[in-house]
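**Q** To start, I am sharing the structure in question, which I have written as structure tokens.
The values are calculated or read from the model by the stated rules, or taken from the named source; none is laboratory data. On a predicted model such as this, the values are computed, not experimentally measured, just so you know. All Cβ positions, glycine included, derive from the backbone under ideal geometry; neighbour counts span all protein chains shown. Please note that ligands, DNA and RNA were not included when accessible areas were found on the heavy atoms of the full protein model with its side chains. Shrake-Rupley method; radii C 1.70, N 1.55, O 1.52, S 1.80 Å.
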Amino acid sequence: MQSLVDIAPTIAKILHISMPKRDGAAIPEVINELDKCSKLILIIADGLGLSIYERYKHYFNLRGMVFKCRGVSMHTTPAIATILTGLHPENHRVFETQDTYKSEGISVVELASMQGIKSAVIMEKKGACSFRGSVDLVVEIEEEDAVQYDYIVKNALIRQIQEVSFTVAHFRILDRFYHSNGNTETAVEILSSNLKDIAACSKNAGVMICGDHPSHNEKNIDVPLIAFSTIPVELR
Ligand SMILES: [Zn+2]
């Protein structure tokens with residue numbers, strides 16, 4: 001079974017960048033599928049646990065591979081730090097948002113920028129601003145409304161897709177709906193429709209979509225990783 005620590009090493013391999021510290025290992029099937037893509041997009045879907053994914057699979061009919069990934073935390077900040085560094089929380093030690101400012105730049109998106117791969121981060125302001133100065137393009141989103149926030153992230157991603165080679169974007173609607181007692185199926189419907197818009201607008205791109213943690217009442221900590229290429233099958 002894969003783990004969240006495997007995502008960053010997989011990205012490093014696809015982008016041909018070096019990543020000296022990591023706890024995980026690259027996933028060969030994902031590398032095979034996405035290696036020929038000229039762009040890479042990593043979408044972190046907040047609160048997308050494996051059980052929610054399986055329950056509403058029909059909404060996510062994005063062709064591609066799906067892996068079960070062992071989660072590392074029930075909280076957003078340490079889980080996202082693991083996704084981006086390939087390190088377990090006890091090794092990256094980013095537990096609260098303020099820790100991200102103290103942490104050294106070891107995330108795959110900072111390494112990519114440093115090693116000449118033009119990269120972008122699109123996330124809410126508090127998380128995004130820790131990447132200022134170490135990632136080529138940082139889009140900081142300030143928006144309270146969950147539906148509107150995801151919509152802004154999607155549009156920002158589509159707008160800058162031609163300019164960069166690697167993008168990390170954080171979608172929040174599912175987790176926000178859990179906390180506000182919103183309807184989960186409605187959130188899944190909105191999330192999956194945004195993901196389909198991105199897939200449709202990203203030519204020649206590799207897309208990886210993963211959850212950070214499941215909803216807080218789940219016992220199973222696992223999350224899905226979906227990977228697909230937007231290169232038409234006949235051109236591969
Ligand atoms: Zn989260």
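**Q** Could you calculate the contour length gain from residue 189 to residue 114, that is, 0.36 nm times the residue separation minus the distance between their Cα atoms, to one decimal place in nm?
**A** Working it through step by step, the gained length comes to 23.3 nm.
**Q** Assuming a strict under-14 Å limit between Cα atoms, what lysine pair count do you get for the chain once near-sequence pairs (fewer than 8 apart, same chain) are dropped?
**A** Lysine pairs meeting the criterion: 10.
**Q** Quantify, in whole percent, the carbon and sulfur part of the accessible surface of the chain (1.4 Å probe; protein heavy atoms only).
**A** Answer for the chain: carbon and sulfur cover 48 percent of the accessible area.
**Q** Also, quick follow-up: Once you sort the root eigenvalues of the Cα gyration tensor of region 97-174 as a ≥ b ≥ c, which label holds: rounded (a/c under 1.5), prolate (a/b larger than b/c) or oblate (the other case)?
**A** Since a/c reaches 1.5 but b/c is at least a/b, the shape of region 97-174 is classed as oblate.
**Q** Is the shape of the chain best called rounded, prolate or oblate, per the rule: a/c under 1.5 gives rounded, else a/b larger than b/c gives prolate, else oblate, with a ≥ b ≥ c the square roots of the Cα gyration tensor eigenvalues?
**A** Cα axes put the chain in the rounded bin.
**Q** What whole-number value in Å² describes the accessible area per residue of the chain for a 1.4 Å probe?
**A** Accessible surface, normalised per residue, equals 44 Å².
**Q** Considering only protein heavy atoms, what is the solvent-accessible area of residue 95 at a probe of 1.4 Å, reported in Å² to the nearest 10?
**A** Per-residue accessible area (residue 95): approximately 90 Å².
**Q** Residue 21 to residue 125: FRET efficiency via 1/(1 + (r/R0)^6), r the Cβ-Cβ distance, R0 25 Å, to the nearest 0.05?
**A** The value I calculate is 0.35.
**Q** Would you tell me the accessible area of residue 14, worked out with a 1.4 angstrom probe on the heavy atoms of the protein chains, in Å² to the nearest 10?
**A** Result for residue 14: roughly 10 Å² accessible.
**Q** Where Rh is the Kirkwood radius over the Cα pairs of region 8-148, the temperature 25 °C and the viscosity 0.890 mPa s, what D in µm²/s does Stokes-Einstein return?
**A** 151 µm²/s
**Q** Still on this structure, I have one more. In the chain, what % of DSSP beta bridges are antiparallel (nearest 5)?
**A** Around 30 percent antiparallel, to the nearest 5.
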